[in-house]
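K.L.:
So that we are looking at the same thing, I have put the structure below in C-alpha cells.
The values are calculated or read from the model by the stated rules, or taken from the named source; none is laboratory data. As the structure is a prediction and not an experimental result, all values here were calculated from the model. For neighbour counting, all protein chains shown are included, and Cβ atoms are generated from backbone atoms with ideal geometry for every residue, glycine included. Note: areas computed on protein heavy atoms with side chains; ligands, DNA, RNA excluded. Shrake-Rupley method; radii C 1.70, N 1.55, O 1.52, S 1.80 Å.
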Amino acid sequence: MRFGARRLTGVIVSRGAAADPDGEGGRPLRPLERLLDDEPVLSAALMDMLREAAADVLCPVGVALCTALPAGSPPAFERTYAATARGREALRRGAVRGDARALLEALAERARSAASLRRRDPSWPKRLRELLRDGLVREGSRDRAAGAPAGAVLRVAVAPGVDVEAAVAGALARAPRQAALLRHLDEAGPVAAASLNRRFPGAAGRLEALRRRKLVVEERVAAELETPVALPARDRPGVELTGEQTAALGAVTEAVRSRSAERFLLHGVTGSGKTEVYLRAAEAALAARRQVLVLVPEITLTHQIVARLRARFGDSVAVLHSGLRRRERLAQWQRLARGSTPIAVGARSALFAPLDDPGLIVMDEEHDAAYKSEEGFRYHARDLAARRAERAACPFVMGTATPSIETRFAADRGAIRRLVLPRRVTGRPLPAVEIVDLERERASSAPGRKRILSTPLRRAIAATLADARQVILLINRRGFSTRVFCFDCGHAEHCKHCDVSLVYHATEGRLRCHYCGLAVLPPEVCSSCGAPDTALLGVGTERVEEEVRTVFPEARIGRLDRDAARRRGAAEAILRGLESGALDIAVGTQMLAKGHDFPGVQLVGVIAADLGLHLPDFRAAERTFQLLTQVAGRAGRGSAPGRVIVQTFAPDHYALRPVRTHDYEAFYAEEIGHRAALGYPPFGALLRVVVSGPDERATQREAERLADAARLEHAAGASAAVKPRAPATLEVLGAAPAPVARVRGRFRFQILVKASDRRAMLEAGRRVSRAGARLAKDVRASVDVDPISML
C-alpha cells in the first residue's frame with residue numbers, strides 16, 4: 001500500500017462489509033497494491049492470541065503482529081527515482097544539459113535507488129533536488145531484495161493477450177533492457193530471483209516495471225536452508241529413567257494424550273535429566289500426530305538441544321532464532337508452514353512458529369530473563385506460551401533448576417503442577433562448592449598485590465589441568481577493564497553520550513560504551529586534569545583471559561562473551577571445543593552458565609560472584625543465586641566429581657550462602673519473605689515507564705506529567721480541579737532519574753507503578769499511555785508491564 005512516496009506492508013486482520021470508499025470520518029481509503037501471500041501468514045488462533053496479549057501489555061496490536069511475522073517475509077522497500085514524462089520530453093528537446101542531463105538519462109533508462117546513484121556520482125543529491133523541484137523526476141519505492149522475496153521464482157505471465165514478441169515490438173520498443181529480460185524469461189522458463197539478479201545486475205527496477213505491465217509474475221517456492229551447525233550428539237535412547245523421571249514423564253504424556261492444557265514446572269537439579277523427559281514427551285506428542293515447540297533462552301543453547309533432537313528424530317526439526325540469516329529463518333518457517341517438519345526449536349520468537357496443532361510446548365531454563373522482550377512488543381515468552389498451550393489444548397512444560405520466584409509461587413498456590421527431579425541421573429553427587437572470602441584473601445596477600453585468581457582457585461585450576469580435565473571461569477562482565485581512573489583527581493573516563501564509564505577492550509585497543517557503542521582510543525593523560533598517572537581498574541572477560549594465559553601458558557584457552565559471539569560461528573566453536581576436549585579453559589560470561597552439558601568440565605571458578613548483587617533491582621539477589629547455581633551445575637557431569645570455587649566479598653549474603661549446598665528451597669524461603677514485605681511480584685503487579693529526551697528539563701516535566709496521570713482517577717487532561725488520589729492498591733514512585741540516567745545522548749526518567757491489584761496497575765498504565773500520546777518535541781515514553789530489567 002502506498003503512502004505518498006512510501007510503500008508499506010500491512011496485515012489483513014479481518015474483512016467486513018463493503019466499506020464507504022470515502023473512508024471513516026471522510027478520510028479516503030487507500031487501495032491495496034497487491035497481496036504478498038496466497039495463504040494467511042498468521043493463523044486466526046495466533047492473531048487472536050496476539051490481540052489479547054498486546055492488550056495485556058498495553059502495546060498497539062500492529063506492533064505485536066509485526067513481531068510475529070517471519071523474518072525475511074515482509075518486503076523491505078527502498079526509495080527510488082525515475083524520470084517523469086516531462087523529464088523524457090525535456091531530454092528529447094535537449095532542454096537539460098551537463099551533469100544534470102547525464103543523471104536524467106540514467107533515470108529515464110530505469111528507476112534507480114539512492115544507493116546506486118551515490119555509487120554513480122557522489123554529487124548527485126544537489127542535481128536530483130533540482131530535477132525533483134522542476135518536475136522532471138519523480139520519487140517512488142520498490143522491494144529492496146531484488147524485486148522479489150527470498151525463495152521466489154519469476155516467469156512470463158500466462159494470460160489472454162500476453163504475447164512476448166508483440167510486447168517487445170510494442171510496449172517495450174523503447175525499453176530494450178526490459179525486453180531482453182522478458183525474452184530471457186520466455187526462453188528459460190521460471191527462473192529463481194537470486195540467479196536472475198546475478199545474470200542481470202540491477203534487474204529489480206526492470207522486474208518491477210514488467211510486473212506493472214502484467215508481463216511477469218512471481219511465485220513463491222520453498223527456499224533451501226544452510227543447515228545450522230549443531231554440536232555432536234551423545235543421545236542415549238535406551239537409557240533407563242530414574243523413578244522421578246518416570247513419574248514426571250507419565251504426568252506430561254497423560255496430558256498429551258488427554259489434550260489437557262495443564263502447566264508443569266519440571267524442577268530438577270542440574271544434570272537431573274530434564275532434557276530426556278522433554279524428548280520422550282515429544283515422542284508422545286509426535287505419536288499422536290501433533291507438533292512440538294521447544295523454547296530456549298539463548299541462541300548458544302539451541303545447538304546442543306538441536307543435536308539431541310536430531311539424534312532422536314532425524315531431520316524433523318526446524319530451527320528459528322536470530323543467529324540465522326533472514327533467508328535461512330524464512331526457509332525454516334516455510335518448512336513448518338508446509339507441515340513437513342513437526343518440531344520447532346528456537347529462542348523467544350519461535351513462539352510464533354506456524355504450528356497448526358501443537359501437542360507439547362517446552363520452555364527450557366524457564367527462569368531466564370532473555371524470555372522477556374525489552375522493546376516494541378514487550379511480551380514474556382512464558383505468558384504467551386501458556387496462552388498458546390491453552391488454545392491448542394496441549395501441556396506446557398517449564399524446566400529449570402532455579403525456577404523464577406513467580407513461577408515457583410504459582411506452583412505453591414496450585415496454578416502450576418510441580419514435578420521434582422532431586423538428583424542427578426548418573427547417581428553422582430552435585431559438585432562441592434567452596435566460597436572464598438576475597439576480603440580475607442586480600443588481607444593475607446602481600447601489600448599492593450592484587451590477584452584476579454585467588455590462591456585456592458589457582459591451585460584448583462593447576463590440579464584440574466594436571467588431571468587432563470577442563471575448567472570454566474565465569475565473570476559476568478565483558479571487556480578488559482571497567483574504567484580508566486585517574487589517581488590525581490579521581491576522574492574516570494565516561495561516555496560522552498551516556499552516564500556510564502567506558503570499558504577498555506584490549507582486543508581492539510579502544511574504550512567502548514556498552515550502551516551506545518561509542519569507541520575511542522584511550523587517552524595518554526587524564527582528560528580532566530592532564531595527569532599521566534591513570535590506571536585500568538576493574539576486571540572483565542578479556543582481563544581474566546590475559547591473566548589465565550599468563551599463569552597457565554600451556555593451556556588451551558577460549559573466551560565466550562557477547563563480543564566474541566558476534567563473529568558468526570564463534571560461539572559454536574567454543575562450545576565444540578569444550579565438547580570435544582579441544583579446550584582446557586573457557587572464560588566467559590553467563591553465556592557459559594546455562595544448560596550446557598560438558599562431561600569433561602571438572603572445575604568451575606566464579607571470579608566475582610557479587611558483581612550483580614548490589615544493582616538497584618529487586619531481582620538482583622534472585623539473578624545472582626540463579627547464575628551461581630546454574631554455572632556450578634556445569635561441573636562434575638562426567639566420571640570425575642566436580643568442584644566449584646566462588647570468589648566474593650559478600651560470603652554471608654543470603655543469595656550466596658545456599659549456593660554452598662545447592663539449596664534452592666532455603667533461598668526461595670528468604671527471598672519470598674522480602675518480596676511479600678515490599679509488595680513486589682508475585683505479591684503485587686509492577687509497571688515501569690521510562691521517559692527519555694535530549695533536553696533534561698523538558699524530559700523531566702513530561703515524566704512528572706505522566707506520573708501525575710498515573711495517580712489521577714481520570715486520564716491526563718482532566719480538569720485541574722481533579723485531585724490526585726492514592727488508593728491503597730496503587731503506589732506511584734517517581735518521576736525520578738533512571739539508574740542509568742543518560743543513554744545515547746537522551747536523558748532518562750523513570751516512573752514505577754506498584755499495585756496489589758493487576759487491573760489497577762493496567763488502568764494506571766492506560767492513563768499514562770493516553771497522556772503520553774502527545775509529548776514535547778523529541779521526548780519519548782515507553783511503558784513496560786511486568787518489567788524484568790529495572791535499569
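K.L.:
For the stretch 652-674, give me each residue that is closer than 25 Å to R424 by Cα and in a helix (DSSP H, G or I).
P.N.:
Matches in the stretch 652-674: R657, P658, V659, R660, T661, Y664, E665, A666, F667, Y668, A669.
K.L.:
Exactly one of these conditions fails for T227: (1) modelled with pLDDT of 65 or more; (2) open to solvent by 60 Å² or more (accessible area, probe 1.4 Å). Give me its number.
P.N.:
(1)
K.L.:
Test F552 against the criterion of being aromatic (F, W, Y), modelled with pLDDT of 85 or more and out of contact with any Pro (no Cβ under 6 Å at 6 or more places or on another chain), and give yes or no.
P.N.:
On the way: aromatic (F, W, Y): yes; modelled with pLDDT of 85 or more: yes; out of contact with any Pro (no Cβ under 6 Å at 6 or more places or on another chain): yes.
Judged against the criteria, F552 is a match.
K.L.:
Report, by residue number, each residue of the stretch 464-493 that is more than 27 Å from the chain's Cα centre (by Cα), modelled with pLDDT of 80 or more, under 23 Å from T589 (Cα atoms) and open to solvent by 20 Å² or more (accessible area, probe 1.4 Å).
P.N.:
Residues satisfying the conditions are L465, R469.
K.L.:
Right, another one. Looking only at the stretch 8-32, filter to residues that are at pLDDT 65 or above and open to solvent by less than 80 Å² (accessible area, probe 1.4 Å); which one of those is farthest from G140 (Cα to Cα)?
P.N.:
G16
K.L.:
State all residues of the stretch 338-351 that are touching a residue at least 40 places away in the same chain (Cβ under 8 Å) and within 25 Å of A287 (Cβ to Cβ); if no residue qualifies, say none.
P.N.:
Once the filter is applied, which keeps residues that are touching a residue at least 40 places away in the same chain (Cβ under 8 Å) and within 25 Å of A287 (Cβ to Cβ), the stretch 338-351 yields R338, P342, I343, A344, V345, G346, A350, L351.
K.L.:
Residue by residue through the stretch 245-263, note down the ones that are open to solvent by 20 Å² or more (accessible area, probe 1.4 Å) and out of contact with any Leu (no Cβ under 8 Å at 6 or more places or on another chain).
P.N.:
Listed by number, the residues that qualify are T246, G250, E254, R257, S258, R259, S260, A261, E262, R263.
K.L.:
How do the helices (runs of 4 or more DSSP H) wholly within the stretch 89-142 filter down when requiring 2 or more residues that are among the aromatic types (F, W, Y) and at pLDDT below 90: which remain?
P.N.:
Output list is empty.
K.L.:
Now for a different question. Filter the stretch 723-754 for residues that are of a type in the set (V, I, T) and farther than 16 Å from E704 by Cβ; which is modelled with the lowest pLDDT?
P.N.:
Residue satisfying both the conditions and the ranking: T729.
K.L.:
Now a separate question. Taking the stretch 311-353 as the search range and keeping residues that are among the charged types (D, E, K, R) and modelled with pLDDT of 90 or more, which one is surrounded by the most Cβ atoms within 10 Å (Cβ to Cβ)?
P.N.:
Only one residue fits best here, namely R348.
K.L.:
Kindly indicate the residue of the stretch 443-456 that is under 16 Å from L473 (Cα atoms) and at pLDDT below 90 and also most open to solvent (accessible area, probe 1.4 Å) among those meeting that condition.
P.N.:
Within the stretch 443-456, the match that is most open to solvent (accessible area, probe 1.4 Å) is R451.
K.L.:
Which ones in the stretch 264-289 are surrounded by 24 or more Cβ atoms within 10 Å (Cβ to Cβ), in a loop (DSSP other than H, G, I, E, B) and of a type in the set (V, I, T)?
P.N.:
T270, the sole residue that qualifies.
K.L.:
Filter the stretch 42-71 for residues that are assigned to a helix (DSSP H, G or I) and of a type in the set (G, A, S); which is most open to solvent (accessible area, probe 1.4 Å)?
P.N.:
Among those that are assigned to a helix (DSSP H, G or I) and of a type in the set (G, A, S), it is A44.
K.L.:
Among the residues of the stretch 738-760, count how many are under 17 Å from C59 (Cβ atoms) and buried (at least 22 other Cβ atoms within 10 Å of the Cβ).
P.N.:
1
K.L.:
Report every pair of residues separated by at least 6 positions or lying on different chains whose Cβ atoms are under 6 Å apart, first residue within the stretch 447-460 and on the phi < 0 side of the Ramachandran plot, second open to solvent by 20 Å² or more (accessible area, probe 1.4 Å) and at pLDDT 90 or above.
P.N.:
From residues that are on the phi < 0 side of the Ramachandran plot, the pairs are I452/E547.
K.L.:
Whether any residue in the stretch 302-310 is surrounded by fewer than 22 Cβ atoms within 10 Å (Cβ to Cβ), among the aliphatic types (A, V, I, L, M), more than 15 Å from M363 (Cβ to Cβ) and under 25 Å from the mean Cα position of the chain (by Cα) is what I want to check.
P.N.:
yes
K.L.:
Which number in (1) modelled with pLDDT under 95; (2) within 18 Å of A771 (Cβ to Cβ) marks the one condition that D757 misses?
P.N.:
(2)
K.L.:
Please pick out the residue among R428, R440, R424 that is open to solvent by 60 Å² or more (accessible area, probe 1.4 Å), in contact (Cβ under 8 Å) with a residue 24 or more places away in the chain and either in a strand (DSSP E or B) or not polar (S, T, N, Q) (or both).
P.N.:
R428
K.L.:
Here is a further query. Does the stretch 633-645 include one or more residues that are among the hydroxyl-bearing types (S, T, Y) and in contact with an Asp or Glu (Cβ under 9 Å, 6 or more places away or on another chain)?
P.N.:
Keep residues of the stretch 633-645 that are among the hydroxyl-bearing types (S, T, Y), which gives 639.
When the remaining residues are screened for being in contact with an Asp or Glu (Cβ under 9 Å, 6 or more places away or on another chain), the result is none.
Checked against the condition, which is being among the hydroxyl-bearing types (S, T, Y) and in contact with an Asp or Glu (Cβ under 9 Å, 6 or more places away or on another chain), the stretch 633-645 yields no hits at all.
K.L.:
Determine whether S316 is of a type in the set (S, T, Y) and free of Cβ contacts under 8 Å to residues at least 12 places away in the same chain.
P.N.:
On the way: of a type in the set (S, T, Y): yes; free of Cβ contacts under 8 Å to residues at least 12 places away in the same chain: no.
So S316 does not fit the description; no.
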